[in-house]
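To start, the structure itself, in structure tokens.
The values are calculated or read from the model by the stated rules, or taken from the named source; none is laboratory data. Just so you know, these numbers come straight off a predicted model, no measurement behind them. Glycine gets a Cβ as well: all are built from the backbone with ideal geometry, and neighbour counts include every protein chain shown. The area values use the complete protein model at the heavy-atom level, side chains included, leaving out ligands, DNA and RNA. Shrake-Rupley method; radii C 1.70, N 1.55, O 1.52, S 1.80 Å.
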Amino acid sequence: LLDSASEFAHHPGVQNDATTKDFLDRFPLPVIISALQTKADVPGLENTLAVCLERVFKTKYGGSLIPQYMPFLQVGLKADSQMVRCLACKTVSSFLENIQLIILYPLLLDCLIYGNELVASAAIDAIKNLAQFPEGMSIIFPNLASRCSSLGRARVLSLIVKLFSISGSVASVIYNSNLLSLLEAEIRNSNDTLVTLSSLELLYELTEIQHGTEFLSRTTLQLLHSIISNSSMEGILRSRAMMISGRLLSKAKGVISAIDVRLQDTDECESALEALGQIGSSIQGAVLLLSPAARHIVHAAFDRQGRGKQLAALHALGNVAGENRPELSGDAEESLRHLIYEVASHSSKLTPSGLFLSALQQAAEFRLAGYRVITGLVARTWCLMEICSKQEIINMVTDETTKIGMEARYKCCKAIHRAFMSSKLVSDPALSGIAGKLQEAVQRGPYLTRKEAAPVVMTAERF
């Protein structure tokens, strides 16, 4: 049995129904399960049989036999062996339609809370699959708030986030069951930095889910605000809270003001700028930032006193300027223009074009960020004129050969070319050279492919 099971378990490729039936004809499931349950001192027996059965149940033929072995699943989910419990959880995931959900769910929840990491992960997958059936949803959500250890609570909260990601309808059930409040309570009540940080990471996962932010309550924003504003908390917690706020916000001036204060803290300034950049990536967020928090972003973007701070600010300004979205409107646009000209007038560069060139003349990572800023701004006529006034900028976006940021450089070059061709400047004869250079660079692509070498044909010299 051990030899045959090892061969079946480690056979390359996917096992089909024919080979599975042939194996089970020689070694019926009761025989394998019996051998798995006996604690015989045979090295490698348990691991080999567990892997073998996992592959058996993944086939259509093997999966069809699962309902006949419900007692094995129930025993397996309660087994002392972590390997057997993990196998039982994976088996539940393999075949759900006819499984007695009410019997198995409490056992899966125990595996989640008390099993090792592999067992807990398999249990989460099984419960997540159960939640996709109406019968499963009806029994899962009322039981999730069970009392358990801090590790068990962390796993239950992780399960809530995983279930939340299934669909908007499942997320709605979780929200209506008030389960998100468990996550907020864990963040609010814990005196353990690691527990709070892991809970914030789960909240960050929620903000990455497409429909996640629709269900996050106002109390979540208030909670983040209180963390960011609390100087007695660990800096890493405030930094994480700022990043989550950046994903969440297009409104809420209170949190933006709290982040604004953190810009004065040298240790947390970069995180604060990244958070403001996240906010500014949406039109609503950018409009909110431009009165008044964006002033710090623009000032820091062209201040060479702190490298990390400047780099974070340049990327944040790229987001606010709209590298990946349409222009702003009315007052917000005027505020952005005014801020950039104001910073330029108080600098040694005097003009925005001087500021842009200064950023592009730094190390490769700064040029990449600078390209993002120009890509976002150049759709504005005032910025296009500034770019065209500096031949050095045109040369860099059309000729640079540094590998880092070539895609960003090409995107910037295309943005300048597109803005130029749709503006009145295209009819200016003095700028015809710029138009030709941009056109050629766009045609050559992001990696500036050169024309293929051609042989030169010459008349042979005769002596």
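Among Lys309/Lys414; Lys58/Lys128; Lys90/Lys162; Lys21/Lys78, which pairs are too far apart, with a Cα-Cα distance over 20 Å?
Lys309/Lys414; Lys21/Lys78
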So if each residue of separation counts as 0.36 nm, and I subtract the Cα-Cα distance between Arg337 and Val426, what length gain in nm does that give? 29.8 nm
Cα→Cβ-extended label distance, 7 Å offset, between Lys414 and Asn178, nm: 5.1
Counting Lys +1, Arg +1, Asp -1, Glu -1, what net charge surrounds Ser358 among other residues with beta carbon under 10 Å of its beta carbon? +2
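Starting from 0.36 nm per residue, how many nanometres of slack lie between Val31 and Gln132 once their C-alpha separation is accounted for?
Extra length from Val31 to Gln132 when fully extended: 33.0 nm.
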Over segment 1-140, average the accessible area per residue using a 1.4 Å probe and give it in Å², no decimals. 50
Summing -39500 (n - 2.57) over the DSSP H runs of n ≥ 4 in the chain and dividing by its residue number, what mean residue ellipticity at 222 nm do you reach, to the nearest 500 deg cm²/dmol? -20500 deg cm²/dmol
In Å and from the alpha-carbon atoms only, list the Rg and Dmax of the chain. 30.5, 102
In whole percent, how big is the carbon plus sulfur part of the accessible area of segment 368-412, probe 1.4 Å, protein atoms only? 59
Long-range share for segment 1-140, i.e. C-alpha pairs more than 22 Å apart as a percent of all pairs, stands at 35
With the Cα gyration tensor of segment 348-448 giving a ≥ b ≥ c as the square roots of its eigenvalues, does the rule (a/c under 1.5 for rounded; else a/b larger than b/c for prolate; else oblate) give rounded, prolate or oblate? oblate
Report the Cα centroid-to-centroid distance between segment 339-403 and segment 16-59 in angstrom, as an integer. 66
